[in-house]
Amino acid sequence: MATTATTLYSRFVFTLLSGASLLFSADIQGRVLDPQRAPIARAAVTLYSRGGVETRKAITGNSGEFLFPNTTGSYLMEASAGGFSSSGLIAVDAVNASNAEIVLDLAVVNQRIAITAAGMPQSLDATAKALDIYSAEEIERRGEFSLTEVLRQAPGMRVQQLGGPGSFARLHTRGLRAFDTAVLIDGFRLRDAAAPQGDATGFLNDVLIVNPARVEVLRGSGSSLYGTHAMAGVVQVITDQGGGVPHGELSVDGGGLGMFRGTARVSGGAWRDRVQYSGGLTHLNVTRGLDDDDRARNTSVQGYAQLRLAPRTRLNGRLFFSDVFLGLNSSSFAAPGGFPAKGLIPAIPLAPDQVALAEAGKPFAWGSATFAPALNDPDARRLSRQTASMVGLTHELRPDTVLRVSYQDLSTSRDNRDGPAGARFPPRFNNASAFDGRIDNVQARFDTSIGKHQWVTAGYEFERERFENLATDQNPNSAQRLFARTAVTERSHSFFAQDQIRLFDSRLLISFSGRWQGFRLTLPAFEGGAPRYTGGQILTPPDAFTGDSAVAYLFRATGTKLRTHIGNSYRAPALYERFGTFFFGGAFSPLGDPRLSPERSIAADGGIDQYLAGSRVRLSATYFYTRLQNVIAFGGLLGQDPFGRFSGYLNTRGGLARGVELSGEAGLTRSTRVLASYTYTRAQEVTPVFADGLLLSPRIPRRMGSWMITQAIGKHLDVTVDMYAAGEAVSPFFAGTGTRAFVFSGAKKADLAASYTVTLTDRTRIQLFTRIDNFLNQTWYEDGFRVPKAWAVFGLRALF
């Protein structure tokens, strides 16, 4: 009887305290200290709500103090300062809020908070998946301004930049294709509904680092949480959510390639952080580029705002915008003949003096060259724009139960224009081909804990995407003038769930997740020619099902974590693959098939993370295996086709990739940090890409490696050197009788960044900085596009 009364009383007290935490908010405050318990000024403290509701920031004062007003629920807290490690802890809820002390160790490998692995904040050591984090501070030390350059240091990731700043870029993760990596902005997919594969590749070069908190890279299957395209991995840009004392920066830099860049940022909070905000504006202008005519301009705006409507309710919004002009070159091409019937062909570029003759439209000699690099095209250009605007409402039902509803409107536009001035197959008249895409995405998500050891997530997602292509020219004969328009719309519904379990004092970590997505199509609309896709029935496409499981076990005594991750992923057929057309001679020719099934893959990896030397060194090793079970390819069609196609998109067998990723991080001293990685990949196709039957996967090197050293010299000077190197890889070129494999030597790119900081007041600093790109002055080609040799920029930054 007494036991029963005690149990009822305990439940009553728990309910009372839980209710109190819902009704009231309190301040979380504390100090950041060094190992001798001396205060650390200007340390960055970040507060992550356990349910993923919000992220808040504060900067410590001269006494190491920080304050987060109006808090509810429980949090993970992270602090960082130059020369120290990062530490995480769980803060008490609003009822039991008290002072917190965070002691930062010297030269210990960073302990960080990650979101992408589970869709909510977790300590990096508490995840069972392969994940890397690049903080805004680290990106700034490296002097990077584009997303693709940030990702060069990620294990298993191959970055291709087809030219200088602003040029097209590709990401290949773990030996898979460029469109097998999902790109997210704050949990929402960034992709182009008008792209042939519906992915983000066409806009990767447009994504500048303007207002990030960090960039996270998840390697391995991710479709069960993040949907389509997450077959090889996920790249997520997480926006700075602001908060704390208002602060910001103004910077200008410029130099090589005729480059100029100006940036302004501001972040902070108001009314005791009831309002949080952050924003950034960057304008990049490359006036000359690689061949003195590779112009590029990019104006990007990124911002975030949050309003606390009540202690438990928050309204937030985010804007991600870019407006870009890019001068284009013609594609590289193979020599006219003389190649062996089978085997690899060494990629030997046309001599520079012969390239100049070819660009002038004059006869030129091939000599021993096997390909011509991309030739300058003075009137070819691309105008592009992307706008990703999001609004969301979050409500805490209890400190451990959160309901979120969000909407994102993603609009993309690409307008490719060309004229008769080019040297290789220029059009007779100025023409334009515009590709417009729009994706409306609604997400509803419910997160709750079951006891102390289990977090459960369930959600629903609606997506409507529209693709429109308009092709025109300026033929003076109005009767022959080109006007062709195609428009297609698709709707889909998804349900997803996740269960995360921690056992044995959180040493055993288990997670399960799954997703279902169903599709609904509408008939395409055509203008300017006879409609297509009328001869076959528009059937409901097959659904997509995915599942995912990850397990990790921590041996705290030895600093060892064993982990494994297995899951299947998918890519939904793009609208172009379903209904794409080619317009020629006043008529549409169909290329797509509305009956296509989603691409499917299965992936598994297993690895070990080991801390050594008192957590001053962290080593990781991972084996990965991915099989593309069903893919969408472009090829010839045999037999009767209901849409009258001779060639087009069809489902076929895929390929496989497997390999090993090794990485390490070491805090050698308080002022010295070293990172390194090595990746070995074997990738091959089941159906050959090349005419001679070679099964090699295009653009995938067997070996890649990177390293980075960051050194603080005194209190004012910081220097970072990073190196990326890749082995040779094959690229597809059409060579007379079919597509052949040309072997290109790999990239060897070394960069140096340095900054010198002068403190004027407690809140004001001036910083001089420089970055030297490819300072070893190496030359290589990516798919036949030459990359810049050594070039540098110098700049001035004011921090306040």
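The values are calculated or read from the model by the stated rules, or taken from the named source; none is laboratory data. Keep in mind the model is a prediction, meaning the values are calculated, not measured. Cβ sites come from the backbone with ideal geometry, for glycine too, and all protein chains shown count toward neighbours. Keep in mind that these areas ignore ligands, DNA and RNA; they rest on the heavy atoms of the full protein, side chains included. Shrake-Rupley method; radii C 1.70, N 1.55, O 1.52, S 1.80 Å.
Looking at region 343-367, which of its residues are open to solvent by 70 Å² or more (accessible area, probe 1.4 Å), under 14 Å from residue 742 (Cβ atoms) and either of a type in the set (S, T, N, Q) or part of a loop (DSSP other than H, G, I, E, B) (or both)?
344
Looking only at region 250-300, which residues are polar (S, T, N, Q) and farther than 17 Å from residue 382 by Cα?
Looking only at region 250-300, we keep the residues that are polar (S, T, N, Q), and these are 251, 263, 267, 276, 278, 282, 285, 287, 298-300.
Correct list: 251, 263, 267, 276, 278, 282.
Quick check: anything in region 221-239 of a type in the set (A, V, I, L, M), open to solvent by 10 Å² or more (accessible area, probe 1.4 Å) and touching a Gly at 6+ places or on another chain (Cβ under 8 Å)?
Yes, some residue in region 221-239 is of a type in the set (A, V, I, L, M), open to solvent by 10 Å² or more (accessible area, probe 1.4 Å) and touching a Gly at 6+ places or on another chain (Cβ under 8 Å).
Specify which of the listed residues (384, 449, 389) is closer than 30 Å to residue 518 by Cα, at pLDDT 95 or above and not charged (D, E, K, R).
Values: 384 fails: closer than 30 Å to residue 518 by Cα; 449 fails: at pLDDT 95 or above.
Going through 384, 449, 389 in turn, just one is closer than 30 Å to residue 518 by Cα, at pLDDT 95 or above and not charged (D, E, K, R): 389.
Take region 494-512 and flag every residue that is open to solvent by 30 Å² or more (accessible area, probe 1.4 Å) and of a type in the set (Ser, Thr, Tyr).
Hit for region 494-512 is 506, nothing else.
Condition test on residue 672, is it over 28 Å from residue 180 (Cβ atoms) and open to solvent by less than 40 Å² (accessible area, probe 1.4 Å)? Can you show your working first?
Working: over 28 Å from residue 180 (Cβ atoms): yes; open to solvent by less than 40 Å² (accessible area, probe 1.4 Å): yes.
For residue 672, the condition - over 28 Å from residue 180 (Cβ atoms) and open to solvent by less than 40 Å² (accessible area, probe 1.4 Å) - is met.
Within region 598-655, how many residues are farther than 30 Å from residue 547 by Cβ and not in a strand (DSSP E or B)?
So the answer is 14.
If you take the residues of region 739-778 that are touching a residue at least 12 places away in the same chain (Cβ under 8 Å) and among the hydroxyl-bearing types (Ser, Thr, Tyr), which of them is surrounded by the fewest Cβ atoms within 10 Å (Cβ to Cβ)?
Checked region 739-778; the qualifying residue surrounded by the fewest Cβ atoms within 10 Å (Cβ to Cβ) is 764.
Which residues, counting only those in region 718-738, are among the aromatic types (Phe, Trp, Tyr) and either open to solvent by 30 Å² or more (accessible area, probe 1.4 Å) or over 23 Å from residue 372 (Cα atoms) (or both)? Talk me through it step by step, then tell me what you get.
Of the residues in region 718-738, the ones among the aromatic types (Phe, Trp, Tyr) are 724, 733-734.
Result: 724, 734.
So which of 281, 307 ends up being open to solvent by 40 Å² or more (accessible area, probe 1.4 Å) and touching a Leu at 6+ places or on another chain (Cβ under 6 Å)?
Being open to solvent by 40 Å² or more (accessible area, probe 1.4 Å) and touching a Leu at 6+ places or on another chain (Cβ under 6 Å) holds for just one of 281, 307, which is 307.
Can you list residue pairs whose Cβ atoms sit under 7 Å apart, with the first residue in region 549-561 being free of Cβ contacts under 8 Å to residues at least 60 places away in the same chain and the second being among the β-branched types (Val, Ile, Thr)? Count only pairs 6 or more apart in sequence or on different chains.
Matching pairs, first to second residue: 549/566; 560/608.
Would you mind stating whether residue 319 is modelled with pLDDT of 95 or more, open to solvent by 40 Å² or more (accessible area, probe 1.4 Å), assigned to a strand (DSSP E or B) and not basic (Lys, Arg)?
Working: modelled with pLDDT of 95 or more: yes; open to solvent by 40 Å² or more (accessible area, probe 1.4 Å): yes; assigned to a strand (DSSP E or B): yes; not basic (Lys, Arg): yes.
Yes, satisfied.
Restricting attention to region 562-595, which residues are modelled with pLDDT of 90 or more and either open to solvent by less than 10 Å² (accessible area, probe 1.4 Å) or among the hydrophobic types (A, V, I, L, M, F, W, C) (or both)?
Residues of region 562-595 modelled with pLDDT of 90 or more: 562-577.
Passing the criteria: 562, 565, 566, 567, 569, 570, 571, 572, 573, 574, 575, 577.
Could you list, ordered by first residue, the pairs with Cβ atoms under 7 Å in which the first is in region 394-405 and within 15 Å of residue 71 (Cβ to Cβ) and the second is among the hydrophobic types (A, V, I, L, M, F, W, C) and crowded, with 22+ Cβ neighbours inside 10 Å, at least 6 apart or interchain?
So the pair list comes out as 394/53; 394/402; 396/53; 396/402; 402/53.
Give me the residue from region 513-552 that is surrounded by 14 or more Cβ atoms within 10 Å (Cβ to Cβ), in a strand (DSSP E or B) and more than 28 Å from the chain's Cα centre (by Cα) and, out of that set, modelled with the highest pLDDT.
Applying the filter and picking the extreme gives 521.
Considering only region 44-69, state which residues are open to solvent by 30 Å² or more (accessible area, probe 1.4 Å), free of Cβ contacts under 8 Å to residues at least 60 places away in the same chain and part of a strand (DSSP E or B).
Those that are open to solvent by 30 Å² or more (accessible area, probe 1.4 Å), free of Cβ contacts under 8 Å to residues at least 60 places away in the same chain and part of a strand (DSSP E or B): 65, 67.
Could you check residue 421 against (1) in a strand (DSSP E or B); (2) surrounded by fewer than 17 Cβ atoms within 10 Å (Cβ to Cβ) and say which number it fails?
Result: residue 421 passes all but (1).
What do you reckon, is residue 718 assigned to a strand (DSSP E or B), touching a helix residue (DSSP H, G or I) at 6+ places or on another chain (Cβ under 7 Å) and touching a residue at least 40 places away in the same chain (Cβ under 8 Å)? Reasoning before the result, please.
Working: assigned to a strand (DSSP E or B): yes; touching a helix residue (DSSP H, G or I) at 6+ places or on another chain (Cβ under 7 Å): yes; touching a residue at least 40 places away in the same chain (Cβ under 8 Å): yes.
It is true that residue 718 is assigned to a strand (DSSP E or B), touching a helix residue (DSSP H, G or I) at 6+ places or on another chain (Cβ under 7 Å) and touching a residue at least 40 places away in the same chain (Cβ under 8 Å).
Counting only residues that are open to solvent by 10 Å² or more (accessible area, probe 1.4 Å) and more than 27 Å from residue 294 (Cβ to Cβ), how many does region 177-196 have?
Of the residues in region 177-196, 3 are open to solvent by 10 Å² or more (accessible area, probe 1.4 Å) and more than 27 Å from residue 294 (Cβ to Cβ).
Being modelled with pLDDT under 95 and of a type in the set (S, T, N, Q) is the filter here, so list the residues in region 288-316 that pass it.
313, the sole residue that qualifies.
State which residue is nearest to residue 327 (Cα to Cα) when the search covers only region 380-398 and only residues that are open to solvent by less than 30 Å² (accessible area, probe 1.4 Å) and not small (Gly, Ala, Ser).
Within region 380-398, the first condition is being open to solvent by less than 30 Å² (accessible area, probe 1.4 Å), and the residues that meet it are 380, 382, 384, 386, 388, 390, 392, 394, 396.
Within this subset, residues satisfying the condition of being not small (Gly, Ala, Ser) are 382, 386, 390, 394, 396.
Values: 382: 6, 386: 18, 390: 31, 394: 43, 396: 49 Å.
Within region 380-398, the match that is nearest to residue 327 (Cα to Cα) is 382.
Does region 317-337 hold any residues that are of a type in the set (Gly, Ala, Ser) and either free of Cβ contacts under 8 Å to residues at least 24 places away in the same chain or touching a strand residue (DSSP E or B) at 6+ places or on another chain (Cβ under 8 Å) (or both), and which are they? Break it down into steps so the answer makes sense when it comes.
First, the residues of region 317-337 that are of a type in the set (Gly, Ala, Ser): 317, 322, 327, 330-332, 334-335, 337.
Listed by number, the residues that qualify are 317, 322, 327, 330, 332, 334, 335.
For region 70-122, give me every one of the strands (runs of 3 or more DSSP E) that falls completely inside it and has 1 or more residues that are open to solvent by 10 Å² or more (accessible area, probe 1.4 Å), closer than 14 Å to residue 30 by Cβ and modelled with pLDDT of 75 or more. Give the steps one after another, and end with the answer.
On the way: elements: 75-80, 87-91, 100-103.
Qualifying strands (runs of 3 or more DSSP E): 75-80, 100-103.
Could you list, in sequence order, the residues of region 257-274 that are open to solvent by 20 Å² or more (accessible area, probe 1.4 Å), modelled with pLDDT under 95 and on the phi < 0 side of the Ramachandran plot?
Matches in region 257-274: 270, 274.
Among the residues of region 675-717, how many are hydroxyl-bearing (Ser, Thr, Tyr), closer than 20 Å to residue 624 by Cβ and either open to solvent by 40 Å² or more (accessible area, probe 1.4 Å) or within 22 Å of the chain's Cα centre (by Cα) (or both)?
To start, the set of residues in region 675-717 that are hydroxyl-bearing (Ser, Thr, Tyr) comprises 677-681, 687, 697, 706, 710.
Those still in the list that are closer than 20 Å to residue 624 by Cβ too: 677-681, 697, 706.
Checking the rest, the ones that are also either open to solvent by 40 Å² or more (accessible area, probe 1.4 Å) or within 22 Å of the chain's Cα centre (by Cα) (or both) come to 677-681, 706.
Qualifying residue count for the region: 6.
Out of the residues in region 608-666 meeting the condition of being open to solvent by 40 Å² or more (accessible area, probe 1.4 Å), of a type in the set (Lys, Arg) and more than 30 Å from residue 109 (Cα to Cα), tell me which one is farthest from the chain's Cα centre (by Cα).
It comes out as 653.
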